[in-house]
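Just below is one structure, and these are the notes that go with it.
The values are calculated or read from the model by the stated rules, or taken from the named source; none is laboratory data. Fair warning: this is a prediction, and the values are worked out from it, not measured in the lab. Because the Cβ atoms are built from the backbone with ideal geometry, glycine has one as well, and the counts that use them run over all protein chains shown. The protein model used for the area step is the full one, side chains on, heavy atoms only, and it has no ligands, DNA or RNA in it. Shrake-Rupley method; radii C 1.70, N 1.55, O 1.52, S 1.80 Å.
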Amino acid sequence: MPHRSRLRFFVLFGLPLLVWMAVIYHFSSEPYSKQNLRPWLKQEFSDKRINQLFSESKIQYNGKEVSIRKSGTWGFVEFFIRKAAHLFVYGVLAILIARLLHRGLGQSKLAVYVTVILTSALFAGLDEFHQSFVSQRTAAIEDVILDTCGALLGTAMYYFFLKILQKPRKNAPNHPKTS
């Protein structure tokens, strides 16, 4: 691969992945107090409807009960926002890894899929380990599992959209007509 092509490949496929990994690392390095959404939620939304709908709801996560009774309304809501963020962040990570491996290295779909999931799970585990050293943060195996689920969803979305984009269109010009 000529130098210019390698540079273009890196800018299009490697750099976005490295930037996204740096973003994940940055947010994992922040103490909880810098990421606390509760004051904003309390200011922007009313808790009446949430309390009506979810006052009896509770789940166990990382050995603790998550409920309105234990966490307060906004702690309960924030928990789900933060967990949705895990799915999103690792879904994007998986898409970036998949496009690097698939487009850049031409690996088969199965090899890419397995590599993406394993790489994402490894990065999630390392990220949780890193968080164990950050003030006001904890490491949780449940978050690694959630991150891996996000990677599974991201990889599935990548291949779903790839399939749609590669599907020949019957009404497209220069498409051979079949009889």
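Please list 3J(HN,Hα) in residue order for the stretch 92-97, calculated via the Karplus relation 6.51 cos²θ - 1.76 cosθ + 1.60 where θ = phi - 60°; whole Hz, with x for glycine and proline.
5, 4, 4, 4, 5, 5
Take every Cα-Cα pair in the chain and report what % of them are more than 28 Å apart.
Numbers: 6639 of 15931 pairs.
Counting every Cα pair in the chain, those more than 28 Å apart make up 42 percent.
Would you work out which of Val112, Ile141, Phe129 lies farthest towards the positive end of the dipole of the stretch 97-143? Charges go on Cβ: Lys and Arg +1, Asp and Glu -1.
Result: Val112, furthest along the dipole toward the positive end.
From the Cα trace of the stretch 1-94, what convex hull volume per residue do you get, rounded to a whole Å³? Kindly include the intermediate steps, with their values, before the conclusion.
Numbers: hull volume 13.0 nm³, N = 94.
It is 138 Å³ per residue.
Can you tell me the relative contact order of the stretch 82-171? Whole percent, Cα pairs under 8 Å, sequence separation 6 or more.
Working: 90 pairs, mean separation 38.7, N = 90.
Answer for the stretch 82-171 is 43 percent.
Given axes a ≥ b ≥ c from the Cα gyration tensor, I'd like to know whether the stretch 68-173 is rounded (a/c under 1.5), prolate (a/b larger than b/c) or oblate.
Working: a/c = 3.89, a/b = 1.84, b/c = 2.12.
Oblate, since a/c reaches 1.5 and b/c is not below a/b.
Which one of Ala22, Ala98, Ala121 has the biggest mean-square fluctuation once the chain is modelled by GNM with Cα springs under 10 Å?
Largest GNM mean-square fluctuation: Ala22.
Can you give the FRET efficiency to the nearest 0.05 for Ser108 and Arg38, using r as the Cβ-Cβ distance and R₀ = 41 Å? Write out the running numbers ahead of the final one.
Details: r = 46 Å, r/R0 = 1.13.
Taking R0 as 41 Å, the efficiency between Ser108 and Arg38 is 0.35.
Size of the dipole of the chain about the Cα centre, Lys and Arg at +1 and Asp and Glu at -1 on the beta carbon, nothing else charged, in debye to 20?
Details: 23 positive and 11 negative charges, 198 e Å.
Taking the Cα centre of the chain as origin, the dipole is about 940 debye.
What residues have an amide H closer than 5 Å to that of Arg137, excluding those fewer than 5 places away on the same chain, when H is modeled at 1.01 Å from N in the peptide plane?
Close amide H contacts, sequence-distant or interchain: Tyr32.
For the stretch 1-101, what is the relative contact order in percent, using Cα pairs closer than 8 Å and at least 6 residues apart in sequence? Before the final figure, lay out the partial values.
On the way: 45 pairs, mean separation 31.5, N = 101.
Rounded, it is 31 percent for the stretch 1-101.
To the nearest Å, what is the center-to-center distance of the stretch 87-131 and the stretch 9-23, using C-alpha atoms only?
Here the answer is 12 Å between Cα centres.
Which one, Leu126, Leu87, Leu110, has the greatest fluctuation when you compute a Gaussian network model over the chain with C-alpha springs under 10 angstrom?
Leu110
How do Trp20, Trp74 rank by accessible surface area computed with a 1.4 Å probe, from largest to smallest?
Values: Trp20 60, Trp74 25 Å².
Correct descending sequence by accessible area is Trp20, Trp74.
With the contact rule set at Cα under 8 Å and sequence spacing of 6 or more, what percent relative contact order holds for the chain?
25 percent
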